[in-house]
Structure formats: structure tokens, C-alpha cells
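Take a look at the structure set out below.
The values are calculated or read from the model by the stated rules, or taken from the named source; none is laboratory data. Here the structure is a predicted model, which is why all the values come from computation and not from measurement. Cβ placement follows ideal geometry from the backbone for every residue including glycine, while neighbour counts extend to all protein chains displayed.
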Amino acid sequence: MIVDGTPCRARVPRQHTIFGGVFCSGAAMIRTYKYRLYPTRAQARTFDFLLWQGRKIYNGALAMRKEAYEERGESISLYDLRDHWCALRKEEPDTFGLLPYDTVDDLMRRLDKAYKAFFRRVKAGETPGFPRFKGRYHFRSLGYKYGSGCKLIETSDGWAKLRIANCGDIRLRFHRDLPPLSVIKYVLVLRNRRGQWYAALQLEIPDAEPEPSQKPAVGIDVGMVYLLALSDGTTIDNPRWYREGQQKRRVLMRKLDRQRRANNPQNYNADGTPKPGVFIWHKSTRMQETERQLRKLEDRIRQQRWYFWHTVTDWLTSTYGLIAIEDLTLDFMIENKRLAMSAHDAGFATFWQLLEYKCAERGVQLVKVPPAYTSQTCSECGVVDAENRKTQARFRCLSCGHEENADVNAAKNILRLGLKAPVPGARDETQASGSNVSREAQNGDAVATDGSR
């Protein structure tokens, strides 16, 4: 979602799955607004056919590149692939010809982006992940250049129509107006796992510098017990969305496995293990309904997490003028088998991305500090000792005896590092590097040592 937490001027490449994100390109800012589509049954079948043609083009281009390299050691360029498949549009007007030229070009660029990501990971020594052929249920979106087979038509309050070539006018729930002076550059039409249709409009908005915020500063520590702990004593509990729905998910998964075995007894050995090389699997109506319930549950968990972080980041950027967070990655959490599921469930990457673009949009300064020793340092006397924090919840300094919630203590240390204070008590000398926050906001008004707001 985010390229950088600060206003940028670099050219940003086209993105395909960015919803609600902010980019800066030249003298303009790129944002993406997502709207729900309500196609008729005929329109849904038509667009499903268009997705099928787009998938055939993507898989065909991937097969061409793979075959050329394996047999001749050659690499087919993006432009050669585009010319080849765009020429086929004229030869097969009833199939590939239903897709606009720019949509086929977008598919080639999507494949080229996957190859570049593969070579980048190989060079960095990471798990490569070679581009894969897309199955029917893993290819769910098509991109349209606005004005080339795609047009938005406003009809009434709260509703509009999205005109797509060879598909007709699709009803669109226009739940929020487009920003003033915005220009639609690109439209991504997609279907989620539940079969719901959406349109993501990529907008180019004049880049206006926001006024610097003069609100108080705060430090934030992320964790598993408390999802967020603020330096002013505020804590936000961990909703644990996935774990709340885990029991229901297990029931549905067991039910799905029983139905799969009952519908395909010829595909299993006597001991219950699946036979090797079996590709034909039959699905009953009940099995399809169980899959639909499972997809609905997982999508509901995802939407809960998304809505929660949007609400929290909106409140943070509306309340504070400087936000200090740790410069973390999820690698250390994911590699720990005890924390991996909880880290994925918390969705910290979503939190950081949303926080960055909202801070840049509202003039809030976002400061990232080194995470080393923030949980072992006393926020009162500054003594660093691993024995200060023996449990996850409580912090007790062995030097001065200061006791406090461990996450809140760490948040105060994060704020102090963000403000570049030489010692915790030297408030008159406190200076935030490049900060637009007033001296009064950096002082005692910003950090309540008694835990009150």
C-alpha cells in the first residue's frame, strides 16, 4: 500500500492490488478507491468469460517464456509478447478480441512483474517462487485503462454505473464521492473468493502539502497481549480475529474432508490415504455449499481485521501530531512457531502500511526508532537490564524500583527515542529531529507518567 511514510516525488510503477493506498507520482498523488459492483447474472457470466480469456492469455504468455528459455535459452521480451497476443485479438475476435488492447498489455506487464520479482528474490538469496500458471479460481481480476473499454457513469445519489466493453453497464455502489480535481487513470475489476465483485479506481490527485499537525506526540509499542500500548497509558486489546473463528473453521474443514472422501471413494486407498496421481475430484452440491461457508468465514475475518486497523489508524492520526514506532519486520515473529499464528492474526503489516499513508496525508510525522533494548530500559532512570522485565506483562526496574506495565514502559522509551531526548527528564532540551510538533506538545502534556490521558 505504501511506498514511503513521507511525501515523495519519485515515479511509482503501476500496482494491481492496492486498495485505499497512497502513492506519490511526479507532482500528483495516486490513491485507489474500492467500490462494490452488483452485476446481473448475465453480466457476471460474461465477465467470468472475460476472466477466462485473460487467464488463457496470461498462461499462454508464461508458457511461451518458459518454453523459449528451456529449449533455446532465449528470453522473450515484454513487447514481443504483447505484440504476439494483441495480434491474436484480431484473429480471434470472439475470444481474445473481447479484451481491449490495454488490458492485454496490462496482463503482459503483470507477468513481467512476476518475473522481475522472481529474479530479485534469486539475487537476494530468498525463496525464489517461480511464476505459476493460474488456475480458474486463482485468476480473479482484469485491469482496464480508463477510457479504453471502461468508463464510470454517475446516475443517482449513492449509485453509479461502470461501463465495461462487451459486458455492459454494471451497477456500482458509489458510497463515497471522488476527491475534487481527481482523474481516474486505471480500473481493476475483480471477484473475491466469495464471488463478490469490486472495482478499484486508481485516481491521480493534485499533490497538496498538508499543514503540519500541532497535536501531542505519542510512542507506540506493538505486542500480542496488548495489540498496541501507547506512551500515555492507553492500551488496545488484541481482538484475535482468527482464533475466535478457529473452532468454526475446524468444524467446516472436517466436514469438507468427509464430503470429499464420500464423493470420491475411488481416489483413496484402503488405509484412507489419497492415491498418487489422482486429478479428478467430484464435488457435490453440499460440498460446494460447505466451501462457500468456509470462504465466507475467512473473508469475514479478513474484513474485521481491515476495518479494525482502518479505525485505529484514523483515530491515531487524528489525535496525535507525532507518532514514534519501532522499526520492525515480521520475520522474527513468523520464524518463531509460538508467535507465527498470532503475528499473522494481528496483521501488523496492515497497521504499519495504513499508518504510514494516513500520517503523510494528514501532516503527522511518523518516526521509526531502533527496537533494541526498548523493552529492557527503564523509562524513569534509563537503566538497561534484561532482568528488568522477567514477565510479559510487568516491568520492574532493579535500579530505581519503578514498576509499570511492560508495554507502556516500552512505548515511553520509543517516544523518547523518537523525540531525540538525551535523558528522559531533560524536557527543556528535548528536540525531535525535523519535528513540526511544538515544544509544549513534546513536554509533559504529551506523555502522562501516571498512565492517564
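Tell me, please, whether a residue that is outside any loop (DSSP other than H, G, I, E, B), of a type in the set (A, V, I, L, M) and under 18 Å from A165 (Cα atoms) can be found in the stretch 53-69. Scanning the stretch 53-69 turns up at least one residue that is outside any loop (DSSP other than H, G, I, E, B), of a type in the set (A, V, I, L, M) and under 18 Å from A165 (Cα atoms). Could you go through the stretch 113-126 and let me know if any residue there is over 21 Å from V187 (Cα atoms), in contact with a helix residue (DSSP H, G or I) (Cβ under 8 Å, 6 or more places away or on another chain) and of a type in the set (V, I, T). Scanning the stretch 113-126, I find no residue that is over 21 Å from V187 (Cα atoms), in contact with a helix residue (DSSP H, G or I) (Cβ under 8 Å, 6 or more places away or on another chain) and of a type in the set (V, I, T), so the answer is no.
Scanning the stretch 8-34 for residues that are at pLDDT 75 or above and either surrounded by 18 or more Cβ atoms within 10 Å (Cβ to Cβ) or in contact with an Asp or Glu (Cβ under 8 Å, 6 or more places away or on another chain) (or both) yields M29, I30, R31, T32, Y33. Picking from residues in the stretch 215-266 that are small (G, A, S) and closer than 30 Å to K368 by Cα, the one that is surrounded by the most Cβ atoms within 10 Å (Cβ to Cβ) is G219.
Which strands (runs of 3 or more DSSP E) sit wholly inside the stretch 187-292 and have at least 1 residues that are of a type in the set (D, E) and without any contact (Cβ under 8 Å) to a residue 60 or more places away in the chain?
Here the list reads 235-237.
Being over 19 Å from G143 (Cα atoms) and part of a helix (DSSP H, G or I) is the filter here; which residues of the stretch 89-125 pass it? If the condition is that a residue be over 19 Å from G143 (Cα atoms) and part of a helix (DSSP H, G or I), then K90, E91, K116, A117, F118, F119, R120, R121, V122, K123, A124 are the ones that fit. For the stretch 298-331, filtering for residues that are in a helix (DSSP H, G or I), surrounded by 15 or more Cβ atoms within 10 Å (Cβ to Cβ) and more than 16 Å from the chain's Cα centre (by Cα) leaves 3.
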